[in-house]
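Since the structure comes first, as structure tokens, the remarks are kept for the end.
The values are calculated or read from the model by the stated rules, or taken from the named source; none is laboratory data. From a predicted model like this one, the values you see are computed outputs, not experimental measurements. Neighbour counts are summed over all protein chains in view; Cβ atoms, including those assigned to glycine, are modelled from backbone coordinates with ideal geometry. Ligands, DNA and RNA are excluded from the accessible area calculation, which covers all protein heavy atoms including side chains. Shrake-Rupley method; radii C 1.70, N 1.55, O 1.52, S 1.80 Å.
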Amino acid sequence: MSGNNRFAWWKNMLSLTAGTKSVWVGIFFFLGVSHLALSQSKPGLSENIKLYDQAVKSKEYKKAAQYATDVARIYTESKDLNKAADYFTHSLTQAKKAGDQNLLFAGYYQLGVTNAALKKYSMAQENFESALAIARQLKDAEKVKQTLISIADSYAQGEKYKKSIEYGDELLSIALTENDILLQQKAYQLLTDYYNRQGNKKKSSEYLAQYNQLVKSQQNEEQKKREMKELQQNIAKAGDETRAAQSKLSEQTKILQQTNESLRQVESSLRATADSLKEVEMINKNREMEIDLLQKDKELASIRIKEQESRIEHEALVRNSIMGGSLLSLALIAVLISSYRKKLKANEKIDQQNKNIKSSINYAKRIQEAMLPKLDQHPGIFDHSFILFKPRDVVSGDFYWISDIKNEKHSDIAFAAVDCTGHGVPGAFMSMIGINALNGLINHGITDTNKILDSLDYEIRTALRQEITGNNDGMDVALCIYRQHEQILEFSGAKNPLVYIQDGNLIQIKGDVHSIGGVKNKHAFLFKKHQIKIDRPTVVYLFSDGYKDQFGGKDNGKFLSKRLHKLLLDIHQLSMPEQMNILQRTIEEWKGNREQTDDILVIGLKLQPA
């Protein structure tokens, strides 16, 4: 294969992969699964290496990049992926020298594919991240979508499901914005798989329902198109049949006109005959009437006799029917009265059971509200704060927690936002276990955020005997301790993040990837502690995932973290009551007439340096 032919093959391969919806189709093209690739042999490999060396010496960087790619493609066909990765790296180096952004994108992307095939997932993720940055710089929407799918899949293969879910959410947001139905199906399908691998069955089921609804809607739309096409074909066929019928009708009209003329001539001759027959007909009618009168007199006498006999039989039948009907009616009334009384007793029992259940749930709500802390019991830093707490049901699986930590010279304060497994009554039971466990840990003198979460994890797994029963319930936690004397805010998180704003800049500290509770793997895990210096006015936010996961808007999508962060940055300078009102009004407008997806909890707190 000559140098010019290779260059043309490379350009065609790039154009094919740029428009491909599925990442696997793109991978096959990048790996060179084509007739040309299958026809390569060892002399072709040597010739390409020689052409690559010549292009490097003559500083023809773009051609050198193409030849390096041809060599890598041949090694890929020979299943020598390590050498293929080396030459894809050479291609990337030459593309950088050439300054060609499209070549750079292709180089990073195909190197990522090769590293993924070698199961070097970290390297593949770095390659895909670089390719994504270039695709965004080129403003090439198809490249961006293709790379988002690949990078999400590489993180999933590396079991980094949180990262794969982040890129899956971004892909879904693009699909909803562009109203790309096929891409929405792909995004929902990927997120269903990633959440399932992560062990989050609830989220996986939600995305699977969205996927099934979208597929059903598309099938209905295709059915409508088929029915419309059939209707148009039937209309055209009916038009042809109508025109044929009109032509035939015209011919029959001419024949009818000729027949009418003949009939008029026959009619004229018949009139004369009819006049002579009328006299004979009148005589015959008079005779027939006389015979009919005699016959009817005879029939009338016979009918009167039969009517009298029938009347006697009918009167006897009526008497018997009345007596039998009366007895049946009395029996039916007795049965209905007995059935009605039993139904009344059953309804009264069901109503009482419903009242008992509602009373128990309302009592559980009063217990949960009594266990939740009151802001007026913690004056000082909570004078400038708010708590937006919206349970989905009567009782909640989310809860907030505040506790004073007494020291010898001064006191610190701990506060947390916690999201338990489930919502409603099961979630409320978990919240009560969590509140009691946190209070007990503080009372036992454990006052470091990371050690509190380590101990809480042990307490929950022990209380629910999870190592024995296999129970996997737990909670996601964002926990802070404000040490006002040192002007330090400590944070540890179990999945849930901390968001704070200083000098107009929003910073997010992500929680660790493990939840509290649940069956853990054999490797030990300790939660991390982060420290933030409060040397300037700082607004701190803790929240569960209920706000960002609420479905709504015109496309029935999630609110998402990006939109929540922008809203917090826009309102952080307002007073705390104003912030709470805006957050509540915004989520209600977003939700509209839809049901609330999950419990919602947002805590806002303004800290001032001493």
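Of the residues 387, 442, 433, which is assigned to a helix (DSSP H, G or I), crowded, with 16+ Cβ neighbours inside 10 Å and under 33 Å from the mean Cα position of the chain (by Cα)?
Checking each option against the conditions leaves just 433.
Within region 118-140, which residues are touching a residue at least 24 places away in the same chain (Cβ under 8 Å), crowded, with 16+ Cβ neighbours inside 10 Å and out of contact with any helix residue (DSSP H, G or I) (no Cβ under 6 Å at 6 or more places or on another chain)?
140
Results for (1) charged (D, E, K, R); (2) open to solvent by 60 Å² or more (accessible area, probe 1.4 Å); (3) modelled with pLDDT of 95 or more; (4) within 27 Å of residue 405 (Cα to Cα), shown as yes or no for each residue.
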site: 496; (1), (2), (3), (4): no, no, yes, yes
site: 525; (1), (2), (3), (4): no, yes, no, yes
site: 532; (1), (2), (3), (4): no, no, yes, yes
site: 542; (1), (2), (3), (4): no, no, yes, yes
site: 551; (1), (2), (3), (4): no, no, yes, no
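If you scan region 366-384, which residues turn out to be surrounded by fewer than 16 Cβ atoms within 10 Å (Cβ to Cβ) and either of a type in the set (Ser, Thr, Tyr) or modelled with pLDDT under 85 (or both)?
Matches in region 366-384: 366, 367, 369, 370, 375, 376, 377, 379, 380.
Only one residue in 527, 543, 559, 491 is touching a His at 6+ places or on another chain (Cβ under 7 Å) and among the aromatic types (Phe, Trp, Tyr). Which one? Even if it seems obvious, please write down each step before you answer.
Working: 527 fails: touching a His at 6+ places or on another chain (Cβ under 7 Å); 543 fails: touching a His at 6+ places or on another chain (Cβ under 7 Å); 559 fails: touching a His at 6+ places or on another chain (Cβ under 7 Å).
Criteria check complete, one pass: 491.
Residue by residue, here is whether (1) surrounded by 14 or more Cβ atoms within 10 Å (Cβ to Cβ); (2) under 20 Å from residue 125 (Cβ atoms) holds:
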site: 165; (1), (2): yes, yes
site: 171; (1), (2): yes, yes
site: 179; (1), (2): no, no
site: 198; (1), (2): yes, yes
site: 201; (1), (2): no, no
site: 210; (1), (2): yes, no
site: 219; (1), (2): no, no
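Could you tell me whether any residue of region 90-105 is in contact (Cβ under 8 Å) with a residue 60 or more places away in the chain and buried (at least 24 other Cβ atoms within 10 Å of the Cβ)?
Within region 90-105, not a single residue is in contact (Cβ under 8 Å) with a residue 60 or more places away in the chain and buried (at least 24 other Cβ atoms within 10 Å of the Cβ).
Has region 32-54 got at least one residue that is within 46 Å of the chain's Cα centre (by Cα) and modelled with pLDDT of 90 or more?
Checked region 32-54: no residue is within 46 Å of the chain's Cα centre (by Cα) and modelled with pLDDT of 90 or more.
Does residue 71 satisfy the criteria of being in a helix (DSSP H, G or I), among the β-branched types (Val, Ile, Thr), touching a residue at least 12 places away in the same chain (Cβ under 8 Å) and under 22 Å from residue 148 (Cβ atoms)?
No, not satisfied.
Run residue 417 past the list (1) within 23 Å of residue 490 (Cβ to Cβ); (2) open to solvent by less than 30 Å² (accessible area, probe 1.4 Å); (3) of a type outside the set (Asp, Glu); (4) part of a loop (DSSP other than H, G, I, E, B) and report the number of the one that doesn't hold.
Of (1) within 23 Å of residue 490 (Cβ to Cβ); (2) open to solvent by less than 30 Å² (accessible area, probe 1.4 Å); (3) of a type outside the set (Asp, Glu); (4) part of a loop (DSSP other than H, G, I, E, B), only one is false for residue 417: (4).
In region 151-163, what residues are open to solvent by 10 Å² or more (accessible area, probe 1.4 Å) and at negative phi? Outline the logic, then answer.
First pass over region 151-163, keeping only residues open to solvent by 10 Å² or more (accessible area, probe 1.4 Å): 153, 155, 157-163.
The answer is 153, 155, 157, 158, 160, 161, 162, 163.
Which number in (1) part of a helix (DSSP H, G or I); (2) under 30 Å from the mean Cα position of the chain (by Cα) marks the one condition that residue 507 misses?
Among (1) part of a helix (DSSP H, G or I); (2) under 30 Å from the mean Cα position of the chain (by Cα), residue 507 violates only (1).
Against the conditions (1) touching a strand residue (DSSP E or B) at 6+ places or on another chain (Cβ under 9 Å); (2) farther than 27 Å from residue 175 by Cβ; (3) of a type outside the set (Phe, Trp, Tyr), where does residue 574 fall short? Just the number, please.
(1)
Taking the stated definitions as given, is residue 514 modelled with pLDDT under 95, outside any strand (DSSP E or B), open to solvent by 10 Å² or more (accessible area, probe 1.4 Å) and closer than 20 Å to residue 535 by Cα? Step through it out loud before you land on a result.
Details: modelled with pLDDT under 95: yes; outside any strand (DSSP E or B): yes; open to solvent by 10 Å² or more (accessible area, probe 1.4 Å): yes; closer than 20 Å to residue 535 by Cα: no.
Considered against the rule, which asks whether it is modelled with pLDDT under 95, outside any strand (DSSP E or B), open to solvent by 10 Å² or more (accessible area, probe 1.4 Å) and closer than 20 Å to residue 535 by Cα, residue 514 comes out as no.
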